[in-house]
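Contents: one structure, followed by commentary.
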Amino acid sequence: MDSIAATAAALFGSGSLLDVKGQSPAYYAVAAITTASGVLLPVLLLGAFVYKLFRIDPITFRSTVSIENYNGFTIASVRYYNSTSTPLVGLNAHVIARTRTTTRPVVIQNIRLSVLTSTGMQNASTWPYSSPQVPFTIRAVLSEGEIAEHVSANEEFVLYGTERRVTLDQLQLFVVVSGTFAENGTAFTSIKSYSLKTDGTAILGHFQEIDPDMTKHPTKWDGWDNFEGNQQ
């Protein structure tokens with residue numbers, strides 16, 4: 001009983017399990033592990049808390065994807081913006097499509113989609129400088145020779161750059177945005193996934209345009225109220 005009392009006192013008080021005399025080797029082995037845990041556990045918990053506290057994701061993504069016709073292609077337009085109060089530089093964004101076959105054996109494949117930019121078809125879209133709250137669009141190419149109305153209706157189409165026939169129900173998009181905080185040079189990577197099943201995530205039509213007005217804060221620009229929606 002004395003050893004049990006000493007153990008309890010050491011666990012809940014200021015004593016040490018290793019100070020208890022006359023115990024077996026197994027007791028001291030357990031005591032050493034317990035003592036180490038008492039030191040390391042608070043450190044690990046503190047580290048996890050600090051990591052969560054200071055890990056800032058500067059990118060806010062629109063929750064829906066617009067499926068639209070664009071220069072002869074059917075594209076998935078994804079909108080996002082810098083939601084911090086500091087500029088971001090050197091942004092690079094690309095889109096990965098995850099496909100899943102409907103026959104056995106089931107095959108899952110990750111395919112990097114081409115994106116349409118002001119300079120033509122590219123592997124990624126770049127954004128040299130991002131002011132706070134200013135939105136940006138990445139246009140991932142889904143198909144050529146098919147119209148958005150059919151694609152959004154979950155009809156089968158050939159995924160651009162492949163020979164794979166898919167429907168939106170079989171696609172999951174991952175948008176990866178990386179860059180650097182201009183203020184301190186810290187690099188970041190932000191990832192957003194979209195399941196394109198016909199549950200309201202993929203919306204037919206053009207996203208809500210936002211009209212820049214350099215005399216106002218970006219959140220006051222016309223169109224911001226409908227950021228999550230498409231234009232009428």
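The values are calculated or read from the model by the stated rules, or taken from the named source; none is laboratory data. These figures come from a predicted structure and were not determined experimentally. Positions of Cβ are generated from backbone atoms using ideal geometry, with glycine treated the same way; all protein chains shown enter the neighbour counts.
Which ones in region 133-154 are modelled with pLDDT under 90 and crowded, with 20+ Cβ neighbours inside 10 Å?
Passing the criteria: none in range.
Tell me the residue from Ile67, Ile138 that is in contact with a Lys or Arg (Cβ under 9 Å, 6 or more places away or on another chain), in the same structural domain as Thr219 (by TED's automatic domain parsing) and either among the small types (Gly, Ala, Ser) or in contact (Cβ under 8 Å) with a residue 60 or more places away in the chain (or both), please.
Exactly one residue qualifies, and that residue is Ile138.
From Thr126, Thr86, which residue is modelled with pLDDT under 95, closer than 27 Å to Phe188 by Cβ and assigned to a loop (DSSP other than H, G, I, E, B)?
On the way: Thr126 fails: assigned to a loop (DSSP other than H, G, I, E, B).
Only one candidate qualifies: Thr86.
For region 59-71, which positions are out of contact with any Gly (no Cβ under 8 Å at 6 or more places or on another chain) and in a loop (DSSP other than H, G, I, E, B)?
Hits for region 59-71 are Arg62, Ser63, Asn71.
Scan (1) over 20 Å from the mean Cα position of the chain (by Cα); (2) without any contact (Cβ under 8 Å) to a residue 60 or more places away in the chain; (3) surrounded by 20 or more Cβ atoms within 10 Å (Cβ to Cβ) for the single condition Ser130 breaks and write down its number.
Among (1) over 20 Å from the mean Cα position of the chain (by Cα); (2) without any contact (Cβ under 8 Å) to a residue 60 or more places away in the chain; (3) surrounded by 20 or more Cβ atoms within 10 Å (Cβ to Cβ), Ser130 violates only (1).
Quick one: which of Lys216, Lys192 is under 17 Å from the mean Cα position of the chain (by Cα) and among the charged types (D, E, K, R)?
Lys192
Which members of region 106-123 meet the condition of being surrounded by 14 or more Cβ atoms within 10 Å (Cβ to Cβ) and not in a strand (DSSP E or B)?
Ser114, the sole residue that qualifies.
Would you check which residues across region 183-219 are of a type in the set (Val, Ile, Thr) and free of Cβ contacts under 8 Å to residues at least 12 places away in the same chain and list them? Even if it seems obvious, please write down each step before you answer.
From region 183-219, those of a type in the set (Val, Ile, Thr) are 186, 189, 191, 198, 201, 203, 210, 215, 219; that's our starting set.
Listed by number, the residues that qualify are Thr186, Thr215.
Mind counting the residues in region 220-232 that are more than 15 Å from Phe61 (Cα to Cα) and touching a residue at least 24 places away in the same chain (Cβ under 8 Å)?
Of the residues in that region, 1 qualify.
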